[in-house]
Amino acid sequence: MAKTKTAFFCQNCGTQYAKWVGQCTACKEWNTVVEEVIQKSEKASWKTEINPVKKTSKPLRINEISTEKEIRLNTFDIEFNRVLGGGLVPGALVLLGGEPGVGKSTLLLQIALKLPYKTLYISGEESQKQIKMRADRIHPQSENCLILTETKTQNIFKQIVATEPDIVVIDSIQTLHTDYIESAAGSISQIRECTAELIKFAKETNTPVILIGHITKDGSIAGPKILEHMVDTVLQFEGDRNYVYRILRALKNRFGSTSELGIYEMQGGGLRQVNNPSEILISKNDTSLSGTAIASTVEGLRPLMIEIQALVSTAVYGTPQRSTTGYNSKRLNMLLAVLEKRAGFKLGAKDVFLNITGGITVDDPALDLAVITAILSSNSDIPIEKGICFAAEVGLAGEIRPVQRIDQRIIEAEKLGFKTIYVSKNNKISLKSTNIEVLLATKIEDVANALFG
Ligand code: TYD
Ligand code: MG
């Protein structure tokens, strides 16, 4: 029996120490360093018990490497495919993170139930019965979906060899443990070791593996940061639990863009793909209300019309409050300062609340002009006429700046029946004839005068 080796790991960032320290020198967190048992000496590959033959790889000329196998597996979920960059790449390890209850297990089970390939769904969190109950809610049942409840990687690999699945789903990486490491499931060294075994398995057999990962209270995936370095793709499933919309984003993707976005709606029978998000994000009021403005944004390659609501009221306390939902509050403060300084609007003694409807978070500078007009509309209590929308950034000098993909934004606004769109004068528009009136603006005062007189 080899001597038991231990080391100290920061539970927050994964940094390894030889001795215990009170504060992690890497991430500056206190009391996160914990002793864990590591037994590297007897470590083995995922298939040692089954097949001890080891293959060594040889260097190849880059033009000799065949890319034929890079045909992606269709997941039959348009939103999921889009975020992955066109489907699952064989041998890829995908990590799906998200807050508890956001719907990670639901999403992957739902995809597994629809797939025409043999899928092995391994859960360390729920029993087979519980998963069946969930599957009954989701409906389409597939003969290709196998459910296994297991947490030991050695047993998982045995079952994988026996069933030969085309896709493996693991719910969740934090529940797995391997025999070669003695520390508890969910600890840094267990997570790292289990992921390493799964990576070896995925790369050697060309089977895609999707892992579910828990996230910590500050929003990062629990476990070492290296977990995110090890996998090929990191997806984040987010959404306010009080709202029905869920957003899937790629934070890292070795095989595609990270700017794509998938939108789902949580329903009684699972997650519904939202293929035309603009229609749901705009409230369908017949009368115009003051304080709302519509922005034409682009997330990834996807245009999205978003409604912004602002409420400006007299500050009750000395310090005015600024509060935002779904929008960067620093950006709001900057825009308020611009309004105050450059355009002479006195908002210093006012509380300002800003909300993006639908509970989604958007980070597109083209929202600026809509944010400003929503604030001014609420401040003056004059509604913005129906059929007007905005797509422009506002600079520190109060100038209206061009934004990228303006043609796409205009087309989306036109498609949804908007009559007028305000854009920057410096934006190059290549569209020829449109049914929508494109108004070019240079300063926020111009827009304010046109809208509120
Ligand atoms: P779940 O997938 O268990 O979340 P996670 O794995 O991310 O922790 O989702 C749990 C929530 O989803 C739960 O609050 C109930 C809700 N839900 C529905 O609204 N409709 C459904 O069809 C299902 C299966 C779950
Ligand atoms: Mg779950």
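The values are calculated or read from the model by the stated rules, or taken from the named source; none is laboratory data. Given the structure is predicted, the values throughout are model-derived calculations rather than measurements. Methodologically, a virtual Cβ is constructed for each residue, glycine included, from the backbone with ideal geometry; neighbour enumeration extends over all protein chains shown. When the accessible area is computed, the model is the full protein with side chains, heavy atoms only, and any ligands, DNA or RNA have been set aside. Shrake-Rupley method; radii C 1.70, N 1.55, O 1.52, S 1.80 Å.
Annotations
- Residues that are part of a strand (DSSP E or B), over 16 Å from THR361 (Cα atoms) and either open to solvent by 20 Å² or more (accessible area, probe 1.4 Å) or in contact with a Phe, Trp or Tyr (Cβ under 7 Å, 6 or more places away or on another chain) (or both) within the stretch 254-279 comprise MET266, GLN267, LEU271, ARG272, GLN273, listed in sequence order.
- Within the stretch 255-279, considering residues that are among the β-branched types (Val, Ile, Thr) and closer than 20 Å to VAL234 by Cα, the one nearest to ligand 2 (Cβ to nearest atom): ILE263
Residue-by-condition table, conditions (1) open to solvent by less than 60 Å² (accessible area, probe 1.4 Å); (2) among the hydrophobic types (A, V, I, L, M, F, W, C); (3) out of contact with any Gly (no Cβ under 7 Å at 6 or more places or on another chain); (4) part of a helix (DSSP H, G or I):
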residue: MET305; (1), (2), (3), (4): yes, yes, yes, no
residue: SER313; (1), (2), (3), (4): yes, no, yes, no
residue: LEU336; (1), (2), (3), (4): yes, yes, yes, yes
residue: GLY344; (1), (2), (3), (4): yes, no, yes, no
residue: ASP351; (1), (2), (3), (4): yes, no, yes, no
residue: VAL362; (1), (2), (3), (4): yes, yes, no, no
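- Scanning the stretch 430-439 for residues that are open to solvent by less than 100 Å² (accessible area, probe 1.4 Å) and out of contact with any Leu (no Cβ under 9 Å at 6 or more places or on another chain) yields SER430, LEU431, THR434, ILE436, GLU437, LEU439.
- Search result, residues across the stretch 204-216 that are under 25 Å from the mean Cα position of the chain (by Cα) and either away from ligand 1 (no atom under 16 Å from the Cβ) or part of a loop (DSSP other than H, G, I, E, B) (or both): THR207, PRO208, VAL209, THR216
- Breaking point among (1) crowded, with 19+ Cβ neighbours inside 10 Å; (2) at pLDDT below 85, for GLU79: (2)
- Residue list for the stretch 392-428, filter: surrounded by 15 or more Cβ atoms within 10 Å (Cβ to Cβ), in a loop (DSSP other than H, G, I, E, B) and of a type in the set (A, V, I, L, M, F, W, C): ALA392, VAL403, LEU416, PHE418
- The stretch 152-172, residues that are hydroxyl-bearing (Ser, Thr, Tyr) and either within 16 Å of ligand 1 (Cβ to nearest atom) or at pLDDT 95 or above (or both): SER172
- Check on LEU95, within 16 Å of ligand 2 (Cβ to nearest atom), crowded, with 20+ Cβ neighbours inside 10 Å and over 27 Å from ILE181 (Cβ atoms): no
- SER290, sole failed condition from (1) assigned to a loop (DSSP other than H, G, I, E, B); (2) small (Gly, Ala, Ser); (3) at positive phi: (3)
- Subset of the stretch 173-182 [open to solvent by 40 Å² or more (accessible area, probe 1.4 Å) and either within 16 Å of ligand 1 (Cβ to nearest atom) or within 24 Å of PRO116 (Cβ to Cβ) (or both)]: none
- Hits in the stretch 318-334 (condition: open to solvent by 60 Å² or more (accessible area, probe 1.4 Å) and not in a helix (DSSP H, G or I)): GLY318, THR319, GLN321, ARG322, THR325, ASN328
To keep it simple, each residue is scored yes or no on (1) touching a strand residue (DSSP E or B) at 6+ places or on another chain (Cβ under 7 Å); (2) within 16 Å of ligand 2 (Cβ to nearest atom); (3) aliphatic (A, V, I, L, M).
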residue	(1), (2), (3)
GLY101	no, yes, no
LYS104	yes, yes, no
LEU108	yes, yes, yes
TYR117	yes, no, no
ILE138	yes, yes, yes
GLU143	no, no, no
GLU150	yes, yes, no
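- Residues in the stretch 107-124 that are at pLDDT 90 or above and open to solvent by 20 Å² or more (accessible area, probe 1.4 Å): LYS118, GLY124.
- Test: ILE210 is within 22 Å of CYS13 (Cβ to Cβ) and of a type in the set (A, V, I, L, M, F, W, C): no
- Index of the failed condition, HIS139 passing every other in (1) open to solvent by 50 Å² or more (accessible area, probe 1.4 Å); (2) within 16 Å of ligand 1 (Cβ to nearest atom); (3) on the phi < 0 side of the Ramachandran plot: (3)
- Residue identified as assigned by TED's automatic domain parsing to the domain that holds VAL209 and among the basic types (Lys, Arg) among ARG302, ARG331, ARG254: ARG254
- Failed item, numbered, when THR442 is tested on (1) surrounded by fewer than 19 Cβ atoms within 10 Å (Cβ to Cβ); (2) closer than 19 Å to GLU307 by Cα: (2)
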